[in-house]
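The values are calculated or read from the model by the stated rules, or taken from the named source; none is laboratory data. No experiment lies behind these values; they were computed from the predicted model shown. All Cβ positions, even for glycine, are placed from backbone atoms using ideal geometry, and neighbour counts span all protein chains on display. Side chains included, ligands, DNA and RNA excluded: accessible areas come from the protein's heavy atoms. Shrake-Rupley method; radii C 1.70, N 1.55, O 1.52, S 1.80 Å.
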Amino acid sequence: MLDPNLIREHPEYVKEGIAKKGANPSLIVDFLSIDNERKILIKEVDGLRHLRRNLSEEIGLKIANGEKPEETRSKVRDIAKEISDKEKLLEEINTRFTNILLSIPNIPFKGVPLGKDEAENIVLGRFGKKRVFSFVPKPHWEISENLGIIDFKRAVKISGPRFYILRGMGAKLERALISWMIDLHTEKHGYKEILPPFLVNRNSMVGTGQLPKFEEDMYKIEGEDLFLDPTAEVPVTNYHSGEIFNESDLPIKYVAFTACFRKEAGAAGKDTRGIIRVHQFNKVEMVKFVKPEESYKELKTLLENAEDVLKELELPYQIKMMCTGDLGFTAAIKYDPEVYMPSQDKYVEISSVSNFEDYQARRANIRYRTKDGELKYVHTLNGSGLAVGRTMAAILENCQQEDGSVYVPNVLQKYVGTDKITKEV
RNA sequence: GGAGAGGUGGCUGAGUGGUUGAAAGCGCCUGACUCGAAAUCAGGUAGGAGGGUAACUUUCUCGUGGGUUCAAAUCCCACUCUCUCCGCCA
């Protein structure tokens, strides 16, 4: 959430900021009026509590002195009644206060280009060499079905649409990608590996900003306070919720593999074939907790770490910078590395690297103590490194051969145990 | 799932109705001593929300929520989590 003081002191700035994301600036007007009401009520309640306390102590003294406290006692009884009435009002207003704070999105970083939606995102650069094909490259779903390494039909039977089953070398390639990516980030980039639960509670989902606003996109366990991870960002960021670091502990860098579960509620008809948009996919995610003054430096290396995966796999990619309208609810800035898919001659999002500044840290209450003893919110960042299913799709398409086989990128051969995937039964 | 025990500050651990947001110890910070360090001595050391430029001040928080009472860390109820034993189970 945003700093309430920032909203109080610079309401116009905040209004403009959230308007760039397409949020309604009237949220800020509402917030300020609730805030005002709340402060008045707090003052009243605090005053009454103070009075009650003093009179109660008086009663104690009177009893000790052998005096009769009845008169004071009935006075306090009346005050207590008044307090409990006002407390109910305060509780109500506190709920409204929190709810509105939770529904105000983060403000874009000043360098983020203004834009309404994904059409106005900016390509910052293209990297890697696109292969010249001597044949018409096939889409990954054809390649994989021909090879017998992905089964789409039976996935529908046992689960439903937007699921898929990996078999044989398909399954092994997926496993290899996960292991290799984690090893790359732990050994080369200095991240600590975490394997978190795939189910998290509501509080965690609120902490990272998935809830309360995007509940319809999340899978919920019926009758329990549990949701399926939409991304490892949720368990890993909340790993430190409510905690206070020492300044010397920062930065903290984690890499985590989880399966990710998404309803894809608003995506009807989009990417219906293949493994690009599915309800369950594997992802390796990097998460950082850093000092505010270092967060943009850390963002840069985070992006480099994500790009490194693509570089080592020798996959052509581009970096897109999200415009204000496509940043999402919680991010202040976001870069999307996109991998080249030959069959469509298009770049497809394969990672997403964001700085949330202190927005998630406030929600999840993650702070650190400076050398001077001051408490401050950390900045949180995360980036996929990478979405494993989409990486597999990219490998299948970019590394396909005319005979239908697929060569395995150098760095993976050790993990897969072969340099070539051929048709299997 | 059944039975029992227990949740107090960074940690250990006192506290069973009235200046207790909380003794003591450890840890940490500052100062003194020291060439420096250790030891020792003195002092400081939870968080949230209001108010105040600030010093400071009011209030809330002893797992969570409710109740009793003029007054609750302390009494009552519910829930929750942890630990031990039994059962079940990958």
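Taken over the range A:14-40, the residue count meeting the criterion of being within 26 Å of the chain's Cα centre (by Cα) and in contact (Cβ under 8 Å) with a residue 40 or more places away in the chain is 10.
Residues considered: A:15, A:20. Of these, the only one that is more than 9 Å from RNA strand B (Cβ to nearest atom), open to solvent by 90 Å² or more (accessible area, probe 1.4 Å), in contact with a Pro (Cβ under 9 Å, 6 or more places away or on another chain) and of a type in the set (Lys, Arg) is A:20. Within the option set A:285, A:264, being touching a His at 6+ places or on another chain (Cβ under 8 Å) and either free of Cβ contacts under 8 Å to residues at least 40 places away in the same chain or acidic (Asp, Glu) (or both) holds for one residue only, A:264.
Based on this model, can you work out whether residue A:158 counts as surrounded by 11 or more Cβ atoms within 10 Å (Cβ to Cβ) and either of a type in the set (Val, Ile, Thr) or at pLDDT 95 or above (or both)? For residue A:158, the condition - surrounded by 11 or more Cβ atoms within 10 Å (Cβ to Cβ) and either of a type in the set (Val, Ile, Thr) or at pLDDT 95 or above (or both) - is not met. Checking each residue in the range A:345-360 for being under 27 Å from residue A:102 (Cβ atoms) and touching a residue at least 60 places away in the same chain (Cβ under 8 Å) picks out A:355, A:356, A:357, A:358, A:359, A:360.
Reported count of residues in the range A:361-406, each being away from RNA strand B (no atom under 16 Å from the Cβ) and buried (at least 19 other Cβ atoms within 10 Å of the Cβ), is 23.
Checking A:337, A:409, A:342 one by one, the residue that is free of Cβ contacts under 8 Å to residues at least 60 places away in the same chain and crowded, with 17+ Cβ neighbours inside 10 Å is A:337 and no other.
Starting from residues that are β-branched (Val, Ile, Thr) and open to solvent by less than 10 Å² (accessible area, probe 1.4 Å), keep the ones in the range A:321-334 and report whichever is farthest from the chain's Cα centre (by Cα). The selected residue is A:324. Applying the set (1) part of a strand (DSSP E or B); (2) surrounded by 19 or more Cβ atoms within 10 Å (Cβ to Cβ); (3) among the hydrophobic types (A, V, I, L, M, F, W, C) to residue A:259 leaves exactly one unmet item: (2). A search for C-beta distances below 9 Å between a residue of the range A:185-202 that is part of a helix (DSSP H, G or I) and any residue that is open to solvent by less than 60 Å² (accessible area, probe 1.4 Å) and of a type in the set (Phe, Trp, Tyr), counting only pairs 6+ apart in sequence or on different chains, returns A:185/A:191; A:202/A:227. If you check A:61, A:41, A:89 for being in contact with a helix residue (DSSP H, G or I) (Cβ under 8 Å, 6 or more places away or on another chain) and loosely packed, with under 15 Cβ neighbours inside 10 Å, only one passes: A:89.
Quick one: how many residues across the range A:96-113 are open to solvent by 70 Å² or more (accessible area, probe 1.4 Å) and in the same structural domain as residue A:36 (by TED's automatic domain parsing)? Residues that pass the stated criteria total 2. Considering A:73, A:52, A:8, the condition of being touching a residue at least 24 places away in the same chain (Cβ under 8 Å), within 7 Å of RNA strand B (Cβ to nearest atom) and open to solvent by 40 Å² or more (accessible area, probe 1.4 Å) is satisfied by A:52 alone.
Yes or no: residue A:26 under 30 Å from residue A:204 (Cβ atoms) and surrounded by fewer than 11 Cβ atoms within 10 Å (Cβ to Cβ)? Considered against the rule, which asks whether it is under 30 Å from residue A:204 (Cβ atoms) and surrounded by fewer than 11 Cβ atoms within 10 Å (Cβ to Cβ), residue A:26 comes out as yes. In this structure, residue A:277 qualifies as modelled with pLDDT of 90 or more and closer than 24 Å to residue A:220 by Cβ.
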